[in-house]
Amino acid sequence: MTNNVGSGLNDSFGLICESEGENMKINKYVHQDVVASVLLIAVSLFFLIGSFQYNLQNRMFPMCISIVSLAFSVRTLQVGIRKTKELNYKIANGEDIVPQISMRKLKQPAIGYAIMLLYAVSIGFLGFFASSALFMLVMMLFMGYRKWKVIIPIIIGLEIFIFFFFVRFVGLRLPSGILF
């Protein structure tokens, strides 16, 4: 048996579910994508259900964002379930895999969530368009993308699209702040 302590396999595990059957302890591993996607599905559903407290005009944007987030989360769940099956198959066939989640692997998602939280809070102060432009810029830089000739047109293009589609076409009033 090989020990995969240094391999990339170690960085992709989530929970270990233990069960005992016929005097033998069996570990079932759940890939971290399953855990993350279940949490994202819960958050998406929370916001989708919460959007129904607004009138039809005001709930359109949060509903659209929640539905898109829900769709991506469900797809991530499907991939995570497949990865979980592959992982448990490898372990059942005798591969010696040491699952672990390190703080190094949790740091990136935690920073990403913190940026999203700051974005959500900043909408009330800066307004939707200013906060969204700043959020897109910060997230692209955080994810390592540095091509300014691409970043600026993407931000401007998305802002224009949101303005014309949601504000002009749908008639949605997006939050305004001290800037816009």
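One table, with the values for the structure above:
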{"item": "Test: residue in the stretch 129-143 that is of a type in the set (V, I, T) and either in the same structural domain as V35 (by TED's automatic domain parsing) or exposed (fewer than 12 other Cβ atoms within 10 Å of the Cβ) (or both)", "result": "no"}
{"item": "Counted residues, the stretch 95-148 - those being among the β-branched types (V, I, T) and modelled with pLDDT of 80 or more", "result": "5"}
{"item": "Test for Y29: is it in contact with a Phe, Trp or Tyr (Cβ under 9 Å, 6 or more places away or on another chain) and either among the hydrophobic types (A, V, I, L, M, F, W, C) or at pLDDT 90 or above (or both)", "result": "no"}
{"item": "Residue check for R173: part of a loop (DSSP other than H, G, I, E, B) and of a type in the set (K, R)", "result": "yes"}
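The values are calculated or read from the model by the stated rules, or taken from the named source; none is laboratory data. Keep in mind the model is a prediction, meaning the values are calculated, not measured. Methodologically, a virtual Cβ is constructed for each residue, glycine included, from the backbone with ideal geometry; neighbour enumeration extends over all protein chains shown.
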